[in-house]
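Visitor: Structure below; questions to follow.
The values are calculated or read from the model by the stated rules, or taken from the named source; none is laboratory data. Just so you know, these numbers come straight off a predicted model, no measurement behind them. All Cβ positions, glycine included, derive from the backbone under ideal geometry; neighbour counts span all protein chains shown.
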Amino acid sequence: MKHLPNLLCFSKKDLLQIIKLGVDIKKNPANYSNALKGKTLVMWFEKPSLRTRISFEAGMTQLGGHAIYLDVSTMHNKAKIKDEVKCLCRYCDIMMARVYDHNTINGMMEASSVPVINGLSNLYHPCQALADIMTIFEHMGKDAVIAYVGDGNNVCNSLVNAANIFGMKIKVATPAEYKPLSKPEYWTSDPREAVRDADVVYTDTWVSMGQESEKETKIKKLKEYQVNKKLIGERYFMHCLPATRGSEVTDEVIDSNKSLVYDQAENRLHIQKAIMIALLK
Ligand code: CP
Ligand code: NVA
């Protein structure tokens, strides 16, 4: 049995297979309408979500299975996570969790007898990065050069992991104090430098969920990292969403015909299906 806490637990071959499956599911969804018939997914949420929640839930329905949304704030306070996870495993076939602390994912994996998927922790967002690489392959092919500009957060960590695994060039521009945990081949504090030979420029919110107390400081330190028309020119634009328009990206860029944000969001659906099929195989 395999879990998906981050992309580093998978080989390039495994991840390419998942993307290939996602592409086929996108092309021929009807061929997969019974792929997970009778299977149940539990979706454990400590934080808000739109794309992750709905793409997993709709994805499970479209594969013939069923998904249950579990809002952690409605659970018993006194219960230990491991006890609740051990019970959940008696009811479901697979779990996805969005948590504040990545250690919660580690604890869930330890207690679980069914696959656990990280649907975003403070450190990683592996499902997002797989959908993003699928989107990049579709629009630019496998040799695309990626620039990530802004906060070196969970989304950046997983994108760097994905690029490293697939052997793609990624250049990251963040302030020195917000460097990503995952090591990109190339880091700079200058956004123009990172963007120079890139085909696509990626950014994410400057204030991730759980960092609200750092909001003022982060906005101040990151304001030179806004992705605007002057920085990006005619390059493609990507963002995992939700975006804070006017902060990390301007309306002009996110609404332009080079913006891939809704394609990325759509590909979450196809990739989540591929991930669940691969883990339940
Ligand atoms: N990109 C993403 O994970 O979006 P949600 O927070 O809406 O799930
Ligand atoms: N970095 C963001 C991503 C949201 C999908 C956050 O963690 O809030």
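Visitor: Among Val114, Val23, which is outside any helix (DSSP H, G or I), over 15 Å from the mean Cα position of the chain (by Cα) and away from ligand 1 (no atom under 16 Å from the Cβ)?
Guide: On the way: Val23 fails: outside any helix (DSSP H, G or I).
Answer to the check: Val114.
Visitor: Right, something else. What number of residues in region 114-136 are in contact with a helix residue (DSSP H, G or I) (Cβ under 8 Å, 6 or more places away or on another chain) and more than 11 Å from ligand 2 (Cβ to nearest atom)?
Guide: 13
Visitor: Now for a separate question. Kindly evaluate Phe56 against the criterion of being under 16 Å from the mean Cα position of the chain (by Cα), within 16 Å of ligand 1 (Cβ to nearest atom) and of a type outside the set (D, E, K, R).
Guide: Answer is yes for this residue.
Visitor: Starting from residues that are within 12 Å of Ile146 (Cα to Cα) and surrounded by 22 or more Cβ atoms within 10 Å (Cβ to Cβ), keep the ones in region 174-194 and report whichever is farthest from the chain's Cα centre (by Cα).
Guide: It comes out as Ala194.
Visitor: How many residues are out of contact with any strand residue (DSSP E or B) (no Cβ under 7 Å at 6 or more places or on another chain), outside any loop (DSSP other than H, G, I, E, B) and either surrounded by fewer than 15 Cβ atoms within 10 Å (Cβ to Cβ) or not charged (D, E, K, R) (or both) if we restrict to region 31-60?
Guide: 6
Visitor: Something else about it: Determine whether region 19-31 contains at least one residue that is β-branched (Val, Ile, Thr), touching a Phe, Trp or Tyr at 6+ places or on another chain (Cβ under 8 Å) and under 24 Å from Cys156 (Cβ atoms).
Guide: Within region 19-31 (the criterion being β-branched (Val, Ile, Thr), touching a Phe, Trp or Tyr at 6+ places or on another chain (Cβ under 8 Å) and under 24 Å from Cys156 (Cβ atoms)), the answer is yes, since at least one residue qualifies.
Visitor: In the set Asp83, Asp101, Asp151, which member is in contact (Cβ under 8 Å) with a residue 60 or more places away in the chain and acidic (Asp, Glu)?
Guide: Asp151
Visitor: Between a first residue in region 42-53 that is at pLDDT 95 or above and a second residue that is outside any loop (DSSP other than H, G, I, E, B) and among the β-branched types (Val, Ile, Thr), which pairs have beta carbons less than 8 Å apart while being 6 or more apart in sequence or on different chains?
Guide: Pairs found: Val42/Ile68; Val42/Ile94; Met43/Ile68; Trp44/Val72; Phe45/Val72; Glu46/Val72; Glu46/Thr104.
Visitor: Would you say Met109 is within 22 Å of the chain's Cα centre (by Cα), part of a helix (DSSP H, G or I) and either within 16 Å of ligand 1 (Cβ to nearest atom) or under 29 Å from Pro29 (Cα atoms) (or both)? Walk me through how you get there before you give the answer.
Guide: Working: within 22 Å of the chain's Cα centre (by Cα): yes; part of a helix (DSSP H, G or I): yes; either within 16 Å of ligand 1 (Cβ to nearest atom) or under 29 Å from Pro29 (Cα atoms) (or both): no.
When the stated conditions are applied, Met109 does not pass them.
Visitor: Hey, can you tell me all the residues within region 1-52 that are hydroxyl-bearing (Ser, Thr, Tyr) and over 18 Å from Phe137 (Cβ atoms)? Give the steps one after another, and end with the answer.
Guide: Taking region 1-52 and keeping what is hydroxyl-bearing (Ser, Thr, Tyr), we get 11, 32-33, 40, 49, 52.
Across region 1-52, the qualifying residues are Tyr32, Ser33, Thr40, Ser49, Thr52.
Visitor: Hey, any hits in region 237-252 for a residue that's in contact (Cβ under 8 Å) with a residue 40 or more places away in the chain, touching a Lys or Arg at 6+ places or on another chain (Cβ under 7 Å) and either among the acidic types (Asp, Glu) or buried (at least 20 other Cβ atoms within 10 Å of the Cβ) (or both)?
Guide: There is no residue in region 237-252 that is in contact (Cβ under 8 Å) with a residue 40 or more places away in the chain, touching a Lys or Arg at 6+ places or on another chain (Cβ under 7 Å) and either among the acidic types (Asp, Glu) or buried (at least 20 other Cβ atoms within 10 Å of the Cβ) (or both).
Visitor: Going residue by residue through region 213-231, is there one that turns out to be surrounded by fewer than 19 Cβ atoms within 10 Å (Cβ to Cβ), in contact (Cβ under 8 Å) with a residue 60 or more places away in the chain and farther than 23 Å from Asn164 by Cβ?
Guide: Looking through region 213-231, none of the residues is surrounded by fewer than 19 Cβ atoms within 10 Å (Cβ to Cβ), in contact (Cβ under 8 Å) with a residue 60 or more places away in the chain and farther than 23 Å from Asn164 by Cβ.
Visitor: If only one of Val155, Val160, Val85 is away from ligand 2 (no atom under 15 Å from the Cβ), buried (at least 23 other Cβ atoms within 10 Å of the Cβ) and in a helix (DSSP H, G or I), which one is it? Step through it out loud before you land on a result.
Guide: Details: Val155 fails: away from ligand 2 (no atom under 15 Å from the Cβ); Val160 fails: away from ligand 2 (no atom under 15 Å from the Cβ).
Exactly one of Val155, Val160, Val85 is away from ligand 2 (no atom under 15 Å from the Cβ), buried (at least 23 other Cβ atoms within 10 Å of the Cβ) and in a helix (DSSP H, G or I), namely Val85.
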